[in-house]
Amino acid sequence: MAKKQIIPKKMPMPEQPADERIHNYNEVPYGYTPEQAMAEAQRCLECAKPGCMQGCPVGINIPGFLQLVSLGDFRGAINLIKETNALPAVTGRVCPQEDQCEGKCALCKKYEPVGIGRLERFVADWEAQQGPPTIPELPPPTGKRVAVVGSGPAGVTVAADLIRIGHHVTIFEALHEAGGVLVYGIPEFRLPKAIVKREVEYVCSMGVKLVKDFVVGTAATVDELLEEFDAVFLGTGAGLPWFLGIPGENLNGVYSANEYLTRANLMKAYKFPEYDTPIALGQRVLTIGGGNVAMDSARTALRLGAKESIIVYRRSRDEMPARKEEVHHAEQEGVVFNLLTTPVAIHGDKNGWAKELECTRNELGEPDASGRRRPVPIPNSNFRIACDVVVLSIGQSPNPLIPKTTPDLAVGKYGVVKVDDKTMKTSKRGVFAGGDVATGGATVILAMGQGKIAAAAIHQYLTTGVW
Ligand code: SF4
């Protein structure tokens with residue numbers, strides 16, 4: 001057989017120019033055309049031992065779907081993906097593929113990996129353009145009932161896997177829209193709400209019941225759910241933002257990233273007063289943090305009309321946890337990075353509005369427990385940065401409502417629900433948990449991977465009765 005000619009680089013992704021997109025909320029990449037998708041899929045070497053699959057937390061048959069795309073069988077490709085992943089248009093957009101499937105692609109040793117995420121997104125979008133999705137044939141009902149608390153990536157994955165094996169599933173969502181962090185946390189320009197809605201609707205079209213505006217912990221406790229359901233899965237995410245504990249955090253114009261993004265995205269503050277939710281607008285917005293949420297906040301500030309959007313991060317660029325692609329997009333759009341800088345106070349004006357952020361300069365010391373070099377403040381290096389709005393994006397932990405109303409549910413550091421990571425079983429019989437509520441804040445795909453583990457364990461529990 002003739003040796004395959006290797007094309008070293010990925011097919012470039014067409015995208016909105018940076019100077020245009022900072023004036024709108026439309027998605028940045030346009031996606032591949034069918035011809036571009038087929039050409040990109042043909043770069044796959046069809047490895048006998050595909051490293052890409054080892055890097056996928058939900059176990060997608062990656063070489064299988066790539067081969068179908070390379071032949072132009074997009075229907076076959078999406079059906080194959082959906083056997084293990086109910087949210088392909090979402091994961092194709094927001095997964096950190098460079099650390100997962102693409103990071104383990106055989107091509108990586110010398111060249112750019114196959115654009116697996118871009119192709120997953122392509123086939124999911126292609127299917128949506130063809131009309132209603134194909135609904136898989138389902139087995140007869142088992143008569144077992146499962147309550148899923150939270151409609152984010154972990155909850156939707158559990159629901160999809162359990163409905164496919166015949167269990168009845170009801171998802172309880174606290175907000176008025178399903179999707180969890182996918183709709184309140186990730187901005188429209190990175191993940192359009194219509195796409196999340198489409199994928200949640202697909203899971204509901206298989207028979208999953210969705211109950212919105214229902215807060216478990218107040219409307220019903222976990223114990224009350226257990227009277228009606230045979231098992232409960234907690235996928236309530238990590239929606240409790242952290243603060244720095246520095247003076248001035250209660251000034252006007254200071255937000256947690258969680259509130260800032262929820263107002264701007266889910267509540268559509270960018271359309272105020274057409275929509276009811278206001279947001280503080282400012283010429284100069286400072287975002288504190290170096291993760292993906294910080295990039296989302298800084299880019300949102302530009303779209304809300306900020307003239308300057310500045311990231312303040314205590315370590316250097318090499319230690320930033322954000323995806324390179326997100327940092328690149330933020331830079332393209334004009335976000336400025338103020339690195340090796342730690343905030344120590346926020347100063348306000350006489351009306352109580354934030355006006356200056358006081359910081360110290362840092363140098364890097366020895367690595368800390370995270371393996372990243374520790375920021376060490378340089379003595380007498382204090383300086384101030386003028387600001388109108390400050391967005392704190394330094395992390396989050398689970399909301400304590402469910403643990404507080406479920407006395408026998410064990411929680412660990414930062415309020416994270418304790419689970420057995422092989423089964424996602426909690427300390428309470430019949431109750432499983434996964435995603436950010438069990439990790440304290442990770443990625444969409446890791447939450448989905450835990451959802452798959454939990455679904456398998458719930459199935460075993462429902463069919464054997466053994467805890
Ligand atoms: S590792 Fe890369 S080249 Fe090999 S099968 Fe997976 S995507 Fe294709």
For a protection proxy built on the mean count of beta-carbon atoms within 10 angstrom, sort 272-280, 100-108 highest first, please. 100-108, 272-280
Can you tell me the FRET efficiency between residue 75 and residue 35 if r is taken as the Cβ-Cβ distance and R0 is 22 Å, rounded to the nearest 0.05? 0.80
Cα-only Debye scattering, the range 18-101: base-10 log of I(q)/I(0) at q = 0.11, 0.16, 0.18, 0.26 Å⁻¹: -0.35, -0.70, -0.85, -1.44
Pulled fully out, how much extra length does the chain show between residue 345 and residue 111, if you take 0.36 nm times their separation in residues and subtract their Cα-Cα distance? 79.6 nm
I'd like the trypsin sites (Lys or Arg not before Pro) in the range 375-447 restricted to DSSP loop residues with at most 11 other Cβ atoms within 10 Å, sorted by number. 422, 429
Report the gain in length on full extension from residue 53 to residue 275: 0.36 nm times residue separation, minus Cα-Cα distance, nm rounded to one decimal. 75.6 nm
Exceeding the 18 Å Cα-Cα cut-off - candidates 212/271; 104/422; 271/324; 212/404; 49/109: 212/271; 104/422; 271/324; 212/404
Shape call, the chain: gyration tensor on alpha carbons, a/c limit 1.5: oblate
Return the distance in nm (one decimal) between the two label points of a simple spin-label model at residue 466 and residue 364, each offset 7 Å from Cα along Cα→Cβ. 5.0
How much length is gained if the chain between residue 142 and residue 427 is pulled fully straight, taking 0.36 nm per residue apart and subtracting their Cα-Cα distance, in nm to one decimal? 100.0 nm
Here D for the range 1-143, in µm²/s, from Stokes-Einstein with a Kirkwood Rh over Cα pairs at 10 °C and 1.306 mPa s, works out to 99
Based solely on its DSSP helices, what 222 nm [θ] is calculated for the chain when runs of n ≥ 4 H residues each add -39,500 (n - 2.57) and the sum is averaged over all residues, nearest 500 deg cm²/dmol? -8500 deg cm²/dmol
Residue-by-residue Karplus 3J(HN,Hα) for the range 175-182, coefficients 6.51, -1.76, 1.60, Hz, glycine and proline x: 8, 8, 10, 7, x, x, 4, 5
Contact order normalised by residue count of the range 343-426, Cα under 8 Å, 6+ apart, percent: 19
Report the charge-dipole magnitude of the range 1-132 in Debye, nearest 20, computed about the Cα centre from +1 at each Lys and Arg Cβ and -1 at each Asp and Glu Cβ. 580
Which of the peptides 453-466, 252-265, 339-352 is most tightly packed, and how do the rest follow, judged by the mean count of other Cβ atoms within 10 Å per residue? 252-265, 453-466, 339-352
Grab every C-alpha pair in the range 291-441, bin the distances at 5 angstrom width from 0 up to the longest one, and report whole percents. 2, 8, 14, 14, 15, 14, 13, 10, 7, 4, 1, 0
For residue 456, project a label point 7 Å along Cα to C-beta. Then give me every residue of the range 429-445 with its amide nitrogen under 20 Å of that point. 430-436, 438-439, 443-445
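Quick note: the coordinates plus some simple rules give every number you see, no bench work behind them. Every value quoted in this text rests on a predicted model; they were computed, and no experiment measured them. Every residue, glycine among them, receives a Cβ derived from its backbone with ideal geometry; neighbour counts consider all protein chains shown.
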